[in-house]
Every structure is written in structure tokens, then in C-alpha cells.
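Report on one structure; see the data block that follows.
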Amino acid sequence: SFVVDPAQVGAHGIPAGYDTMMIHKDDQQAANIDPATGYGREYIISDESRIYPDFVVNFVFDVAADRMKSVPSCEACESRPATLFCMQDNAKLCEICDRDIHSKSAIHARHNRVLLNEMQSSVGMTLCKEHTNMPVQFFDPIAHIPVCVHCKMSGSHSTGDFANHPLVPIQEAYMASMKDVEYEQRIIEDRRKNIYSQLAHIERTMDQVNVNHDKCQDQIYEIVQKVVQVLHEETQSKLSALLADESELKRQLEYFAWTENFLKYQQASINPVEFLSVFKSHSSVMAQAPSEIVDAAGGVRPDIRVIGRLDVVIDDTNPANVMQSVMPPSSSSAAAQQSSMSRPQPNVLPQRSQGGGGGGQQAQQSSQMPHRGPQGPGNAMPKYRNSNASRF
């Protein structure tokens, strides 16, 4: 059976190679199940024809036997609790009624009486089901039934096939059965030790798998962090080049606005003769105004892209190196190197419990990325202008 958590039920079908899915119970749920009263497992199956009984229990309800096991009352007075059982009278009696009944004559005094609490555990005090006033004295090991003297002399074992069955004293049969029980218990104990050993091995392996998971996850986030840092640096380089052109163009606009405002001020504050002299100077200044085309960042394009994959694979050749991290190549040989790798589909990365980290892919600059543009004053890296740019 394929084991799944309750939350995963219905998320996927039964995987290939498995017949059923078993609902996993955690240690606390398993501890609430008393193995002495029974155990249970919950399965999900896709074919109802796979349901079949593993154990068939046949039982017979014996009213008399049930009466013997219940909390008894004296069958004579029916008021006081019974403490004794008379085998000849087949009756449960209290001590007072026992004295009254069995003191009437010497014949009654010879009746066999036993304590009720001893009767259930005494091998020789069990009554025959066919002859209810006779104790069982023998056991038929072939038919597996108890036999009393009446059964042997005139009952079931006096004629027919049962008459040829060997009879073993009930105490001897009981002791032999106890030896068989001890032998089976030794086998079960050995099997139990093996199971505990297997469980300990599974527990250690689960711990190792979890440690391996954490190690691989840390490696993945470390790789992602480095690649995202490369993404940020390349993006910052592009933005720096664009910011340089933007700053120069805005400076030219400010230059033109300043000269125009100054000329308007002169025109409004001086007479026409003086303005002619000032305009000559203005024309000389405008002749020196910046006229070159600003296109230092003309080659900047939004061409950063993600190439390659980060795969988690099983390294059968080296158990110590379970995860192989495949970083996307940064050189121009990326396509050739990628085509030579045979990679399975990457697994979905689990949510990280504590900050940091991103998705399962790596960002890297294209091999055709243009050279970084100029940076800000003093080679200081300017801040991101795009408010949507995320910080790692």
C-alpha cells in the first residue's frame, strides 16, 4: 500500500506498482489504539473486488458458560453472592447455602465443591458439555474436543471412528499445549525483535532522508540566492546606463528652459536697443548649446531571461551525493552543454518555513547580454527606479 497523509487523499490516484493507499496515522493517533482490544488500518482501493476476508470467526454462544462467567448470585437463596460451585448439583452457592445443603447427609457431603475463582483456571474442574455433571478428564488430539468418562465409556468416543482416537489426560494435553504456546511465543518474540530492528532502521533512514532534504533545500536556496544576485546586478547595470542617458537629456532640457527664460526676462526689462546687444550674446550662447544625440544606452534591451533548470536527481552511483545541482551555464556553450544533459522533470519545491528564497528556477543573464552601461557618479550603484523591482 502507498501511504498518504489524510490531507493528500484525493490529490492523486494510486501510483503504479501499488494496489491500495493507506491513510497514515501519526504517532499520537497510533498511541490511542489499544493493541489488546484490536487494531485497524484505513485503506483506499480502486477495485472493490480486492476486498476479501482475511479471518473468519465462528463462534457458539453458550448460555450456561456465559452464566458461569457473569457476576454470580447464589442459586439457592438468590440473594447472597455465590462463592462455591458444586459439580454434582451443577449449582453456584454461597457459603451459608452450601453448609445447609451439603450437611443434610453423608452423600451430599461427598459432593465436589470448588471456589468459583479457582474453577475458571482449574483444568480438571471444567464440566463436559454433553454430560453436565461430569468433569472433563481427557482430550482428543485428533478431533480437538474434551472428553469425560461418560463420553469415553458410553458416549461419543465409545463407538464409531472416535472410538479409535487416542485420548490424552486433560492435564497432560494442557501442558503439551503450553509448550506449544511457549514455542510459538519464542518465534513471535524473534519476529518482534526483527520488526523492532526494522522499525529502528526505518526511523534512522527517515531521519537521514529529512537531513538530506534540509541539506539539498539549503543548497537550492543558496544557488537561487546567487543567481538572483546576478539578476539584480545585471538589471542594475542596465538601469544605470539608462539613467545616465536620462540624466543627460533632462540636463539639456533644463539648459534650454534656462536660456529661454533669461531671454524673456531681458526682453521685458530692457529697451529694444539694449535687447539687440543682449540677443547677440544669447545667440552666441545658443550656438554652443548641446546638440549631440544622446544614445549611450541604445544597446540596452530587456533581454535578461531564465535558461536551464535546477534538477533534483537520485545519484545511484554515489549515495553520499544524493542531490546533483545543475546550474545554468553562463558561457556561450550553454545550449551545447544543456543538450548533453538528460534531466527528469524537477520536483515541486516545498514551502520554506523561514524567509528568503524564491522559486525553483534560476535567473541568469543571456549570453548575448550587452556590456554594462555607465554607472552613477563616483561609480556608486544607483537605486532601483522601478518600484516593482524586488530585493532578495
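The values are calculated or read from the model by the stated rules, or taken from the named source; none is laboratory data. As the structure is a prediction and not an experimental result, all values here were calculated from the model. Only protein heavy atoms, including side chains, enter the accessible area calculation; ligands, DNA and RNA are left aside. Shrake-Rupley method; radii C 1.70, N 1.55, O 1.52, S 1.80 Å.
Structural remarks
- Surface listing: L116, L253 arranged by accessible area from highest to lowest gives L253, L116, probe 1.4 Å.
- Counting every pair of alpha carbons in the range 159-217, the share spaced more than 15 Å apart comes to 72 percent.
- Extension gain, H12-V278: 0.36 nm per intervening residue step, less the Cα-Cα distance, totals 87.2 nm.
- Accessible surface ranking for I314, I170, I195, I293, 1.4 angstrom probe, highest first: I293, I314, I195, I170.
- Convex hull volume of the Cα atoms of the range 121-236, normalised per residue: 192 Å³.
- Karplus-based coupling profile of the range 142-158, in residue order and whole Hz: 8, 7, 6, 9, x, 9, 9, 5, 5, 4, 6, 8, 9, x, 4, 9, 9, with θ = phi - 60° in 6.51 cos²θ - 1.76 cosθ + 1.60 and x standing for Gly or Pro.
- Of the residues M206, M87, ranked by 1.4 Å probe accessible area with the largest first, the sequence reads M206, M87.
- Computed with every protein chain present, the accessible area of H24 is close to 80 Å² [probe 1.4 Å].
- Cross-link partners of K264 among aspartates and glutamates, defined as those whose alpha carbon lies under 17 angstrom from its own and excluding same-chain residues fewer than eight positions apart: E254, E274.
- Divided by 2.2 N^0.38 Å, where N counts the residues, the Cα radius of gyration of the range 242-310 comes to 1.91.
- Per-residue SASA entry for C77, accessible area with 1.4 Å probe, Å² rounded to 10: 40
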